[in-house]
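Everything on this sheet refers to the single structure shown next.
The values are calculated or read from the model by the stated rules, or taken from the named source; none is laboratory data. Note that the structure is predicted; figures quoted are calculated from it, not measured. All Cβ positions, glycine included, derive from the backbone under ideal geometry; neighbour counts span all protein chains shown. Protein only, heavy atoms only, side chains kept; ligands, DNA and RNA dropped before computing areas. Shrake-Rupley method; radii C 1.70, N 1.55, O 1.52, S 1.80 Å.
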Amino acid sequence: MPPNYTLSTAPMMEWSDRHCRAFWRVMTKHSLMYTEMVTANAVIHGNRDYLIGYNDVEHPIALQLGGSDPEQLREATKIAADYGYDEVNLNCGCPSDRVKSGFFGACLMAEPETVARGMEAIIETAPIKATVKNRIGIDDQEDYPSLLNFIDTVSASGVKHFIVHARKAWLNGLSPKENREIPPLRYDLVHQLKLERPELEISINGGINTLDEADHQLSHVDGVMLGRAAYQNPWILASVDRRFFGAETDPVTTRHEALRAYFPYIESQLAAGAKLHYMTRHLMGLFNAQPGGKQFRRYVSENAYKEGAGLAVLEQAMALVPE
């Protein structure tokens, strides 16, 4: 069964790793989750279990690839399918210098034919879903005409689902962080795209901070992708299954319950040699704006890095937050 795109979590470098996704999965069983971007070349030649390994609890899960060479994308897609991923997504939105020099990411917005060839290779390789994540444009491109040309050219390869970050990327003059904040959001262009290309599935990303905002967007597009909102306030995910996916109940009803439900995963990872702080760094927003939240964060920050740190650190930290 193909993934349901109504609500998904974004691929975020150094944030949405396997530990983060396993924590999010405690709170939502249905949201589609994306890995951090991994280059096709790294998937082929690198330590695959480290780079793209995941826990079975993470399904539905999509692997985001960086690259533009069709043969590399073909081989990386075959590997992803063998690993059991539910989707392969091509990154055409990341604006960092590293991706620009490697000819992948947002610079591909200027090369729709190249993207189309890469997506053809992905689609031919495996029967899993193939999608593209892109910006509305880059640098001095005309806003809507260039977006429409990109979408039309790439969709001719067989791609039917696009996740559009509703900001331009400025490849010269802005840092990756600034590119997530400074270019103005143009939701109207993404809405227009869906209106004019109703046969395509269009998800929207960028600056959506609440579930009410997500609801509003869903009146215009097929799906909403949450990025920093989900990471900085993970509790936002705890009500999405009932609200957006028709579940009768939410997986957890309190923040304490969510953290305790994550304990078995933490225990399994500690037993496999992982350090506690690899996992606790993704928990820091769980008690945001709650009594005792600052004390929780401080206690975890000061103790999770210690040699031999285990679940007792979290039990003691949780005791600082009223249930």
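Brief remarks on what is shown
- Centre separation in Å (Cα based) which lies between region 246-280 and region 169-230: 29 Å
- Rounded to 0.05, the FRET efficiency of the Ser268 and Asn288 pair, given R0 = 22 Å and the Cβ-Cβ distance, is 0.25.
- Computed from Cα atoms, the angle from the helix 70-83 axis to the main principal axis of the chain rounds to 30 degrees.
- Helical runs (DSSP H, four residues minimum) scored at -39500 (n - 2.57) apiece and divided by the length of the chain put the mean residue ellipticity at 222 nm at -12000 deg cm²/dmol.
- Treating r as the C-beta distance of Lys160 and Phe245 and R0 as 30 Å, the FRET efficiency rounds to 0.90.
- Cα gyration tensor of region 166-301 - equivalent ellipsoid semi-axes, whole Å, descending: 32, 21, 14
- Computed on protein heavy atoms with a 1.4 Å probe, the accessible areas place Tyr144, Tyr278, Tyr299, Tyr85 in the order Tyr278, Tyr299, Tyr144, Tyr85, largest first.
- Loop-located GluC sites (Glu not before Pro) in region 1-93, at most 13 other Cβ atoms within 10 Å (DSSP): Glu14
- Charge sum, other residues only, whose C-beta stays under 12 Å from Ala80's C-beta, Lys/Arg counted +1 and Asp/Glu -1: 0
- Accessible heavy-atom area order of Thr249, Thr77, highest first, probe of 1.4 Å: Thr249, Thr77
- With K and R counted +1 and D and E -1, the other residues having a Cβ less than 10 Å from that of Val224 yield a net charge of -3.
- Counting heavy atoms of the protein chains alone, Arg298 has an accessible area of about 130 Å² for a 1.4 Å probe.
- For region 117-230, the direction-averaged projected area of the alpha-carbon convex hull comes to 7.6 nm².
- Each other residue within a Cβ distance under 14 Å of Asn233 adds +1 if Lys or Arg and -1 if Asp or Glu, for a net charge of +1.
- Surface listing: Trp170, Trp235 arranged by accessible area from highest to lowest gives Trp170, Trp235, probe 1.4 Å.
- Only lysine pairs 8 or more places apart or on separate chains count here, and in the chain those with Cα atoms under 16 Å apart total 11.
- Across region 245-323, Cα-Cα pairs more than 22 Å apart make up 24 percent of the total.
- Axis angle, to the nearest 10 degrees, between helix 187-196 and the longest C-alpha principal axis of the chain: 50 degrees.
- Per-residue HN-Hα couplings for region 293-304 [Karplus 6.51, -1.76, 1.60; θ = phi - 60°; Hz; x = Gly/Pro]: x, 5, 5, 4, 4, 5, 5, 5, 4, 7, 10, 5
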